[in-house]
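Computed from the coordinates by the stated procedures, all read-outs in this text should not be read as laboratory data. Since we're looking at a predicted model, the values are computed, not measured. As a convention, Cβ positions derive from the backbone with ideal geometry for all residues, glycine included, and neighbour counts pool all protein chains shown.
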Protein chains: 2
Amino acid sequence: MTEAVAGAGNERPARGQLRAALIVESFALLSEKGMAGFSVAELARRLKVSTAAPYRHFRNREALLAVVAAQAADELTRTMETAASAAGPDPVDRLAATAGAYVRHVSDRGAGLDVIFARELRPLRDADLARAGRGLMTLLLDLARQAGHRDPSRALLLLEQLFCLAHGYITLDAADFLTFSRHSPEDVATRATDAATALLRGNAT
Amino acid sequence: MTEAVAGAGNERPARGQLRAALIVESFALLSEKGMAGFSVAELARRLKVSTAAPYRHFRNREALLAVVAAQAADELTRTMETAASAAGPDPVDRLAATAGAYVRHVSDRGAGLDVIFARELRPLRDADLARAGRGLMTLLLDLARQAGHRDPSRALLLLEQLFCLAHGYITLDAADFLTFSRHSPEDVATRATDAATALLRGNAT
DNA sequence: GTCTATAGAGCGATAGAC
DNA sequence: GTCTATCGCTCTATAGAC
């Protein structure tokens with residue numbers, strides 16, 4: 001259904017659909033080039049519109065990225081909720097599954113914590129992005145609490161460990177560091193989940 | 001002694017010293033802007049030479065970065081050797097200290113595994129960079145072996161976990177994600193070391 | 001709402017003077 | 001070995017036509 005907006009082969013979007021198409025295609029571009037390599041001009045080229053067209057819908061590059069980041073946070077929250085539910089009743093399994101789901105989701109969609117909490121989007125003080133970011137953190141803190149970390153600052157430290165681990169897998173995979181033993185994106189997610197499980201086990205004792 | 005080459009306040013380097021000064025200053029620039037934000041023009045500006053001058057010493061941007069990356073790998077190897085020695089006889093402590101030293105070193109120097117094994121430097125097939133990268137991996141595999149992981153492919157997986165964790169701390173710290181509880185760079189290194197210890201503990205059982 | 005055209009900036013890299 | 005000057009490219013963003 002996203003194809004109805006953006007087109008599988010990047011057909012030019014129907015009139016009035018450019019705003020939505022820009023957001024859809026932004027994820028693909030982020031996934032390929034990362035945040036630093038993201039450009040509005042490239043985005044316009046892919047959608048076969050002029051470089052001026054995007055600026056009818058977003059004040060500037062940052063405003064577009066803020067909308068994308070907010071949507072990324074919402075998506076991520078839903079994906080992790082689902083993964084936690086599917087992982088069964090053990091709260092440690094649920095947390096580990098969340099970390100694995102993070103890796104899978106970000107390697108797929110290209111926008112993770114680095115985009116959602118990006119330094120360069122902070123000055124915007126975008127209300128929707130702030131809301132989405134808080135929603136994500138709330139879910140994570142809740143999962144950590146259920147895993148027995150009732151002290152919030154302890155829970156935060158555990159989450160920090162867990163998501164530094166998961167994010168490291170994404171970053172070093174993108175940098176081709178994991179090429180040694182890498183077979184598929186799914187493979188990386190599996191290894192990240194295993195690592196998360198070990199990390200949680202080590203914190204329990 | 002590096003100041004003798006680059007100058008504390010970025011004085012223009014003495015004639016014949018530009019090549020060395022370019023390498024020194026590259027670390028500072030990488031540390032501030034990261035690999036994507038690194039530019040030869042900016043480097044020249046900081047050293048108060050023309051934008052053409054660096055190209056007398058390096059064929060292009062990538063050739064310069066390859067030399068920097070090779071030196072970064074050598075430095076990192078030495079730093080980690082030292083940290084492992086200082087950590088005492090327990091091989092698990094030694095590995096954890098290595099991860100912490102990685103975080104400390106990279107947050108200081110700006111060039112970690114992402115630079116050393118960067119995708120964009122791979123096509124160069126630079127012999128010195130390859131040597132330095134192998135040296136780094138050899139040290140790490142050796143430390144993993146001493147920690148009881150005699151199967152090389154098992155050892156590789158453990159190292160992968162450990163350095164994805166450490167690198168995640170660097171990346172998310174750079175993205176300002178750790179701002180919540182962050183006090184100093186040293187603080188981040190300490191937390192990374194704690195996380196590494198937990199991860200190793202979880203792998204032991 | 002989209003286009004063409006353009007201003008203005010930064011970068012990589014080269015030519016030729018000194 | 002360093003300079004000035006310049007080319008060609010990409011990017012962000014705006015003005016004005018349609």
Between the stretch B:97-173 and the stretch B:12-89, the Cα center-to-center distance that results, in Å: 19 Å
Degrees separating the helix A:185-204 axis from the principal Cα axis of chain A, which is the longest one: 40 degrees
For chain A, built as a Gaussian network whose Cα springs stay under 10 Å, the top-fluctuating residue of A:53, A:189, A:70: A:53
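Kirkwood Rh, Cα Rg: Rg to Rh for chain B? Show your work: numbers first, answer last.
Details: Rg = 18.2 Å, Rh = 18.0 Å.
Taking Rh as the inverse mean 1/r over Cα pairs, Rg/Rh reads 1.01.
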Angle between chain B longest axis and helix B:18-33 axis [Cα atoms, degrees, rounded to 10]: 50 degrees
Ellipsoid semi-axes in whole angstrom, largest first, where each is sqrt(5λ) of the Cα gyration tensor of the stretch B:85-183: 22, 21, 12
Calculated log₁₀ intensity ratio I(q)/I(0) where the Debye formula runs over C-alpha points of the stretch A:3-56, q = 0.18, 0.25, 0.32 Å⁻¹: -0.50, -0.96, -1.41
Order of A:115, B:24 under a 10 Å beta carbon neighbour criterion, fewest first: B:24, A:115
In order through the stretch B:136-145: 3J(HN,Hα) via Karplus (6.51 cos²θ - 1.76 cosθ + 1.60), integer Hz, x for Gly, Pro: 5, 5, 4, 4, 5, 4, 5, 5, 5, 4
Intensity falloff of the protein assembly as shown expressed as log10 I(q)/I(0), Debye formula with alpha-carbon point scatterers, at q = 0.07, 0.10, 0.12, 0.13 Å⁻¹: -0.36, -0.73, -1.03, -1.18
Shortest-first distances to equivalent copies, position residue B:86, nm, label 7 Å out along Cβ: 4.5
Teacher prompt: residue B:179 distances to equivalent labels in other copies, 7 Å Cα→Cβ, nm: 3.5
Estimated inter-spin distance, residue B:146 and residue A:134, nm [label 7 Å along Cα→Cβ]: 5.0 nm
Label-zone membership for the stretch B:104-125, site residue B:85, 7 angstrom Cα→C-beta point, backbone N under 18 Å: B:105
Footprinting exposure proxy for B:64, B:165, A:178 (fewest neighbouring C-beta atoms within 10 Å first): A:178, B:64, B:165
Burial ordering of B:150, A:154, fewest other beta-carbon atoms within 10 Å first: B:150, A:154
Angle in degrees between helix A:61-86 and the longest Cα principal axis of chain A, rounded to the nearest 10: 40 degrees
Sorted largest first, extent of the stretch B:30-104 alpha carbons per principal axis (Å): 52, 20, 19
7 Å along Cα→Cβ, label-point gaps from residue B:61 to other copies, nm, shortest first: 1.3
